[in-house]
Amino acid sequence: IQMGIQMEGQAGGQKGGQTGERSAVDGARRASGSGAVGVLLGVDQVVDRRHVDLRTTPIELVGRKAVTRCLSDIAAMAASPVASLASVTLPPDFGESRAMQLFEAMRATAERYDAPLVGGDIATHADASGPMVCAVTCLAEPGPAGAVRRDGAAVGDGVYVTGSLGAAVDADGGGHHLTFEPRIAEALELAGQLGERLHAMIDLSDGLGRDAGHLAAMSGVTIELVAERIPRREGCPLDRALGDGEDYELCFTASGAVPERIGDVPVTRIGEVIEPDAAGGQCRVRDADGTVREIAGMGWQHGTNQGEPSAGGGEQNAAGGAHDALTSARSKQPPPGGGERTQ
């Protein structure tokens, strides 16, 4: 979610129970130096058997991911975190001690990334089969380039990604998706160096094909990627890099020169923005043999239990890759409730 809001602070007269709310507003004021504040908001959630598996994942990493997943959205706007809020719904048998471990992990992670946890809520399911749902909202201030949006990609831009892609979830449910670093510092550095030449950006949670497709669709352009340029984790097939998701790297478009590294994080040019495809394509990849195929459908489809197979007949993406590893690889059972993913 990307939005601007104006927050009007109220001096005094607040009850003790509103301390967290006041802290959030005060933090936003400090960020902007004014009473009426332009604030960026990001919200995301972690659902058991959908984004993590509580049977095999340490509770500390569950709490960490709940916060860093939201902070990755903040990074995609090239913004600086100010504060965060959390709301959690737990199974009836979750236990108080375990709940405190979860909140402590969230608190410590939020503090580490300068997004102190200033308030929240906790509830339990009436139904014992209800999964843990942990939602985090982050408040942030715009960075040096203002809020970088998804709809600014321009014909002639280069298309870039940070880091490496694919195979972010191990067969046992562990892996990169639990320990990734939200690219806040890298996004701010890019915004500072590129300024107005940084045209559009998104974090890769649903898969490169689908997320780059979002940039293209919102900008009214087509994005063409070059297969051999896409940086992949060791042993990762191309289609998994295109469709697995859970990478939480940045994908952005920019004009002119772009640094090859930000600190120790590589930045790779993987394609370019071209005129809109007459056939209506949004994002395509040019394979090593010269074949061009549409990949905007590769990745996680919101509101469904699976991603779509590649248009070019490649291997199954999200459903057979990262997200499936959280479910069928261990239990062979679908996630409870069939709930949708959000970003």
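FYI, it's all coordinate maths here, none of it is from the lab. Because the structure is a prediction, the values reported are computed rather than measured. Glycine also receives a Cβ, built like all others from the backbone with ideal geometry; neighbour counts cover every protein chain displayed.
Details
- The alpha carbons of segment 175-298 stretch over 38, 35, 23 Å along the principal axes, in descending order.
- Per-residue 3J(HN,Hα) values for segment 164-173, derived from phi via the Karplus relation 6.51 cos²θ - 1.76 cosθ + 1.60 with θ = phi - 60°, read 10, 10, x, 6, 7, 10, 6, 4, 8, x Hz in sequence order (x marks Gly and Pro).
- Applying 1/(1 + (r/R0)^6) with R0 = 30 Å to the Cβ-Cβ distance of Arg55 and Ala185 gives a FRET efficiency near 0.35.
- If R0 equals 51 Å, the separation of the Cβ atoms of Val226 and Glu96 corresponds to a calculated FRET efficiency of about 0.45.
- Cα-based equivalent ellipsoid, segment 194-246: semi-axes from gyration tensor eigenvalues, Å: 22, 12, 11
- Working from label points 7 Å from Cα in the Cα-to-Cβ sense, the Ala278 to Val292 distance is 1.1 nm.
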